[in-house]
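S.K.: Structure in structure tokens, see below.
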Amino acid sequence: MSTDYSKRVWLTFPTRTQVERPIMWQMSRKFPEVAFDIRQASIQHEIGIMAVLLSGAEADVKGAIEFLRSAGVTVEPIEKSVVEG
């Protein structure tokens, strides 16, 4: 597995439908070469938010991000200092 590219992102699951679906599992099946490290996660009411580090080949990581967006997940970059430590 090539881990020469990594991206730290906030994933927002905006509805109960996205929160209850196994979207991260589906992403891992579609993009098996992308490693994901959940650094922080929270579910408040019907909204889920996760800080995730995605690693792998750049094309695979970008494909995984597009997959998440197509599933209705909001994907936003986060600052490095937020997930350090």
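S.K.: Given a 1.4 Å probe and every protein chain left where it sits, what share in percent of the accessible area of the chain is carbon and sulfur?
M.R.: On the way: 2540 of 5200 Å².
Ligands and nucleic acids excluded, carbon and sulfur give 49 percent.
S.K.: On to the next question. If I take R0 = 25 Å and measure r between the Cβ atoms of residue 62 and residue 19 in this structure, what FRET efficiency does the formula 1/(1 + (r/R0)^6) give, to the nearest 0.05?
M.R.: Details: r = 24 Å, r/R0 = 0.97.
Once rounded, the FRET efficiency stands at 0.55.
S.K.: Quick one: check the C-alpha center-to-center distance for the stretch 38-81 versus the stretch 1-31, whole angstrom.
M.R.: A separation of 5 Å, based on Cα centres.
S.K.: With the other protein chains left in place, how much accessible area per residue, in square angstrom, belongs to the stretch 13-73 at a 1.4 angstrom probe? Don't skip to the end; give the middle numbers.
M.R.: On the way: 3530 Å² over 61 residues.
That works out to 58 Å² for each residue.
S.K.: Next question, about the same structure. Given the rule -39500 (n - 2.57) for each run of at least 4 DSSP H residues, summed and divided by the residues of the chain, what is its mean residue ellipticity at 222 nm, to the nearest 500 deg cm²/dmol? Please report the intermediate quantities before stating the final value.
M.R.: On the way: 4 runs with 30 residues, N = 85.
Taken over the chain, the calculation gives -9000 deg cm²/dmol.
S.K.: Please give the length that would be gained between residue 69 and residue 41 if that part of the chain were fully extended, namely 0.36 nm times their separation in residues minus their C-alpha to C-alpha distance (nm, one decimal). Spell out each step's value before the answer.
M.R.: Working: separation 28, 0.36 × 28 = 10.08 nm, distance 1.78 nm.
Full extension from residue 69 to residue 41 adds 8.3 nm.
The values are calculated or read from the model by the stated rules, or taken from the named source; none is laboratory data. Here the structure is a predicted model, which is why all the values come from computation and not from measurement. A quick note on method: Cβ atoms are made from the backbone with ideal geometry, for glycine too, and the neighbour counts reach across all protein chains shown. The area values use the complete protein model at the heavy-atom level, side chains included, leaving out ligands, DNA and RNA. Shrake-Rupley method; radii C 1.70, N 1.55, O 1.52, S 1.80 Å.
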